[in-house]
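Student: Before we start, here is the structure in question, set down as structure tokens.
The values are calculated or read from the model by the stated rules, or taken from the named source; none is laboratory data. Not measured: the values here are computed from a predicted model. Heads up, the Cβs are rebuilt from the backbone with ideal geometry, glycines too, and the neighbour counts pull from every protein chain shown.
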Amino acid sequence: MGTIRLTAAQAMVKWLSVQMTDDGQRFIDGVWAIFGHGNVAGLGEALHDASAALPTWRGQNEQTMAHAAIAFAKASKRRRAMAVTSSIGPGATNMVTAAALAHVNRLPVLLIPGDVFAGRRPDPVLQQVEDFEDGTVSANDLFKPVSRYFDRITRPEHLLTCLPRALAVMTDPANCGPVTLSFCQDVQAEAYDYPEAFFEPRVWRIRRPEPDAGELAEVVELIRAAKNPVILCGGGVIYSGAEEVLGPLRPGTRSPSWKRRRASRPWRRRTR
């Protein structure tokens, strides 16, 4: 098996650019970025060279970039997503609120904040959380409670396992949500001989698990027995592609089957 020598940042960008959906599009449509201390020398250089394969968009605020990525994922019915990268420190913490939003709404977004130097020699540095009692702490630990999957990349070969895990979470209909890959800034520029097979295009298909037959039958009976049933629908209807079955999801509108139900039974006028 052949290998290709790349920096960790180049390998991440190259791998993300060939992760596809079943309709032939990139799952990660592109990367929102504000470059600074923590991500400019590694990811900045890698994204610049790969602009044709994976576009980069410059933002003005990290939180708004992450919210834009969340909006894209929601509009894409969770079938595609975007990545967001920031510098270490305030640049990273600006994305925490957006990560929490994506977490509670089960929306996929890939957050790639820069992190401390894994080698520790330039420690501490500008905009870095200084905890002299715990050398493993950084500002990015704030993402742990609001990430479906969190990992800190401290060696270039970590990408071989953390990237597939990240996409597995983002494409899982039950466990979907934000992924944070905290990328140590010196590791971004470290070279490694990656297997060529790692960069083969891969198609990610969204699973469509069937509902439990017993639970479904119970719900159907409850609806049939109700005098005035009301169905409250959430994003699951949209993500499962069931809009046409249930009907328009706008207030004051009726589903296509309303006329059939009306014809099948006498209409009862409500009176005060």
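Student: Pick from segment 224-240 the residues that are among the aliphatic types (A, V, I, L, M) and either in contact with a Leu (Cβ under 9 Å, 6 or more places away or on another chain) or not in a helix (DSSP H, G or I) (or both): which of them is farthest from residue 71 (Cα to Cα)? Steps first, please.
Tutor: Going residue by residue through segment 224-240, those that are among the aliphatic types (A, V, I, L, M) are 225-226, 230-232, 237-238.
Next cut, either in contact with a Leu (Cβ under 9 Å, 6 or more places away or on another chain) or not in a helix (DSSP H, G or I) (or both) only: 226, 230-232, 237-238.
On the way: 226: 37, 230: 28, 231: 25, 232: 22, 237: 17, 238: 14 Å.
For segment 224-240, the residue satisfying everything is 226.
Student: Can you find a residue in segment 95-112 that is part of a loop (DSSP other than H, G, I, E, B), β-branched (Val, Ile, Thr), in the same structural domain as residue 15 (by TED's automatic domain parsing) and more than 13 Å from the chain's Cα centre (by Cα)?
Tutor: no
Student: Follow-up. Test of understanding: among 131, 172, which residue is assigned by TED's automatic domain parsing to the domain that holds residue 22 and within 21 Å of the chain's Cα centre (by Cα)?
Tutor: On the way: 131 fails: within 21 Å of the chain's Cα centre (by Cα).
On inspection, the qualifying residue turns out to be 172.
Student: In addition: Looking at the structure I just gave you, is residue 190 in contact with a Pro (Cβ under 7 Å, 6 or more places away or on another chain) and not aliphatic (A, V, I, L, M)?
Tutor: Numbers: in contact with a Pro (Cβ under 7 Å, 6 or more places away or on another chain): yes; not aliphatic (A, V, I, L, M): yes.
Yes.
Student: A further question follows. Can you tell me how many residues in segment 141-175 are closer than 15 Å to residue 109 by Cβ and surrounded by 23 or more Cβ atoms within 10 Å (Cβ to Cβ)?
Tutor: So the answer is 4.
Student: Next question. Considering only segment 22-54, state which residues are acidic (Asp, Glu) and either under 20 Å from residue 73 (Cβ atoms) or in a loop (DSSP other than H, G, I, E, B) (or both). Explain how you work it out, then say what you get.
Tutor: Step one: list which residues in segment 22-54 are acidic (Asp, Glu), which gives 22-23, 29, 45, 49.
Within segment 22-54, 22, 23, 29 qualify.
Student: Could you pull out the residue among 133, 221, 215 that is in a loop (DSSP other than H, G, I, E, B) and either small (Gly, Ala, Ser) or surrounded by fewer than 17 Cβ atoms within 10 Å (Cβ to Cβ) (or both)?
Tutor: Going through 133, 221, 215 in turn, the sole match is 133.
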